[in-house]
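Notes for the one structure printed next.
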Amino acid sequence: MTNVVIAGIGQTPVNEHWDLSLRELGLQAMEAAMQDAGGLRPNALYVGNMLSGALSHQAHLGAMLADFAGLTGIEAAAIEAAGASAAMALRVGFLAVASGQVDVALVLGVEKLSDQVPAQVESALAMGTDADYEAEQGLTLTAQAALLAQRYLHEFKVPEHGLAGFSLTAHANGAHNPNAMFRKAVKPEIYASAAIVSAPLNMFDIAPNADGAAALLLTRAELLPPKFPHPLVEIAGSSAVTDTLALHDRPDPLTFNAARLSVERACAQAGILPKDADLFELFDAFSIYSALSLEAAGFSERGQGWVWARNGAIHLDGDLPIATLGGLKARGFPGGATGAYQAVEATLQLRGQADGAQVPGAKTALVQSLGGPASTAVTHVLKVFNQN
Amino acid sequence: MDIPRHWRLNKQRYALVGEVCEHCDAKLFPPRDICPECGKEAKTLFQFSGKGEVYSYTTVYEAPEGYAEQAPYTLAMVKLAEGPLVTAQLTDIGDQKPAIGMPVEMVTRLLRSATDERGMLIYGYKFRPAVAQAAQAA
């Protein structure tokens, strides 16, 4: 198979960027990725974004961002799959480059959530649920995660604060990431005394909404010069899978079936088993998602994923580090841009450039983004690329 | 301008009208025309009893646009007696603490207040503690 490699990466800090617009954020990440790739220019731009229409009155992001980046003339379009938008854009970029139709694809995740008040942002994020039968009842993504967590804690008799470890791990790791929104470890007693947002979720179970942009430049290995400025990372597996849009339409809401299938398919394509991964960038928008994603990926039986929260294996020096640069919880949740951050962070790990958050000897990474409660799941397997 | 959209949903919102699959007898709510159980067409209307029990619940304090007046409100997933799960608010619960397994029944209530100058009010199903159970408790 053709080797699709990540030739360049770029990202802005995740934060409330009052002084930066959607296009300015996007440009910073795109320029950084092109510079990182030694000035390589793309033939196509795929933008992952969820809410520019709802929150910035701006559609048509492909043309807007190609234009603003001085790339007019190339192919460009936006791709939307709720929280998995940028992961889906990465998959489209991968398919385009692997097919031979596009030589160099720029994948950009960009989201601007801070221009509107929280009630509006909650409404906009809830557009990713079933508008007629979920959002219309006053459901938010947070409330939906709380419904999942409440049932999960009840059904599997999870002790109080049984999910805390996911959040604490993310915050400990985020302390090493200069682009993270929160760069401070959190003590268990701070978690335990935090304000309840939607029972049983407290503020540390919920990733913070923020702005950000991250970009990856993809090409085929054979198109690059032999002496490239940095180690290359290959996309060895890629899979996108859907489940029912509404959580209530599933026979078992506590099973993230699309997440399971996308891990299986991406790993099969890469010729690995999930346990071969040196790290797992999972989609910890809510701590309950971490438990359900670990179960879906086959690391636990149904109802046992929470046990990982108490397991040192998820720490940077463990067997299955997660949220290595802070995850969604500490790096922040820039909506549909998130998948690009996850892939950029996994790339830093595989290049050995994650500094204080480095997973020692990382060669293979599993990266997964979810749209809603895994109504869409997109999984990529990234590997260190050996040029020979 | 969502008037036709909400008008189309009247039967579902006011009377819990879903569908029954004539091939495998699965009861479907919301209606979805293709049976998820057997994959065949399912377009026969079916009115649900409105009885069910709480599958899960939570409280919403940070409400989305149009729901602020109701906040904080209790949101639930309700397992209908005929099988399907629905997402809906719990109402008329007074001092009772919601619980998983609590028997509930459907009522019609205001879902959302006006968010624009046209002032459209959206009514639909919510669930309250089953009256028989409430009488027993009293």
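The values are calculated or read from the model by the stated rules, or taken from the named source; none is laboratory data. Every value quoted in this text rests on a predicted model; they were computed, and no experiment measured them. A quick note on method: Cβ atoms are made from the backbone with ideal geometry, for glycine too, and the neighbour counts reach across all protein chains shown. Note: accessible area is taken over every heavy atom of the protein model, side chains too, but ligands, DNA and RNA are not part of it. Shrake-Rupley method; radii C 1.70, N 1.55, O 1.52, S 1.80 Å.
The figures follow:
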quantity: Accessible area per residue, Å², the stretch A:43-93 with all protein chains present, probe 1.4 Å; calculated: 36
quantity: Estimated FRET transfer efficiency when R0 is 56 angstrom, pair A:Thr242-B:Asp95 (beta carbons, to 0.05); calculated: 0.85
quantity: Those residues of the stretch A:140-175 for which accessible area with every protein chain present is at least 40 Å² below the isolated value (1.4 Å probe); calculated: A:Leu147, A:Gln150, A:Arg151
quantity: Percent accessible area from carbon and sulfur atoms, the protein assembly as shown, protein chains only, probe 1.4 Å; calculated: 51
quantity: Gaussian network model of chain B, Cα within-10 Å springs - most flexible of B:Met77, B:Met102, B:Met120; calculated: B:Met120
quantity: Residues of the stretch B:40-70 buried by at least 30 Å² on assembly (accessible area, 1.4 Å probe, chain alone as reference); calculated: B:Tyr55, B:Ser56, B:Tyr57, B:Thr58, B:Tyr61, B:Glu62, B:Pro64, B:Glu65, B:Tyr67
quantity: In chain A, lysine pairs closer than 23 Å at Cα, eight or more apart or cross-chain; calculated: 8
quantity: Accessible area, probe 1.4 Å, largest first, for residues A:Met64, B:Met106; calculated: B:Met106, A:Met64
quantity: Loop-located GluC sites (Glu not before Pro) in the stretch A:119-165 whose Cβ has at most 11 other Cβ within 10 Å (DSSP); calculated: A:Glu160
quantity: Structure-based [θ]222 nm, chain A - -39500 (n - 2.57) summed over DSSP H runs of at least 4, per residue, nearest 500; calculated: -9500 deg cm²/dmol
quantity: Most mobile listed residue (A:Leu139, A:Leu279, A:Leu348) in chain A, GNM with C-alpha springs under 10 Å; calculated: A:Leu139
quantity: Overall Cα dimensions of chain A - principal axes, largest extent first, Å; calculated: 56, 44, 38
quantity: Relative compactness, the stretch A:280-388, computed as alpha-carbon Rg over 2.2 N^0.38 Å; calculated: 1.02
quantity: Exposed-site-free run, longest, chain B (rule: trypsin sites (Lys or Arg not before Pro); DSSP loop; at most 14 other C-beta within 10 Å); calculated: B:44-117
quantity: Computed over chain A: relative contact order in percent, which uses C-alpha pairs under 8 Å that are six or more apart; calculated: 26
quantity: Label zone at B:Ser49, where the point sits 7 Å out along the Cα-to-Cβ direction: the stretch B:65-86 residues whose backbone N lies under 19 Å; calculated: B:78-86
quantity: For chain B: accessible area per residue (Å², 1.4 Å); calculated: 52
quantity: Percent RCO, i.e. relative contact order, over the stretch A:55-112, from Cα pairs under 8 Å lying at least 6 residues apart; calculated: 26
quantity: Test item: A:130-136 mean partner chain Cβ contacts at 10 Å; calculated: 6
quantity: Largest-first principal axis extents, alpha carbons of the stretch A:133-208, Å; calculated: 41, 29, 18
quantity: Probe 1.4 Å, all protein chains present, accessible-area order of A:Phe228, B:Phe127, largest first; calculated: A:Phe228, B:Phe127
quantity: Near-label residues of the stretch A:91-122 by backbone N, under 16 Å of a point 7 Å along Cα→Cβ of A:Gln58; calculated: A:108-116
quantity: Whole-Å distance, taken between Cα centres, linking the stretch A:214-277 and the stretch A:33-70; calculated: 22
quantity: Cβ-isolated cysteines (cut-off 4.7 Å), the protein assembly as shown; calculated: A:Cys267
quantity: Nearest-ten-degree value, helix A:287-296 long axis tilted from longest Cα axis of chain A; calculated: 70
quantity: Rg ratio (alpha-carbon, reference 2.2 N^0.38 Å) - chain B; calculated: 1.13
quantity: B:Glu41-A:Glu222 FRET efficiency (beta carbon distance; Förster radius 41 Å; 0.05 resolution); calculated: 0.25
quantity: The stretch A:35-113: radius of gyration over Cα atoms, expressed as a fraction of 2.2 N^0.38 Å; calculated: 1.06
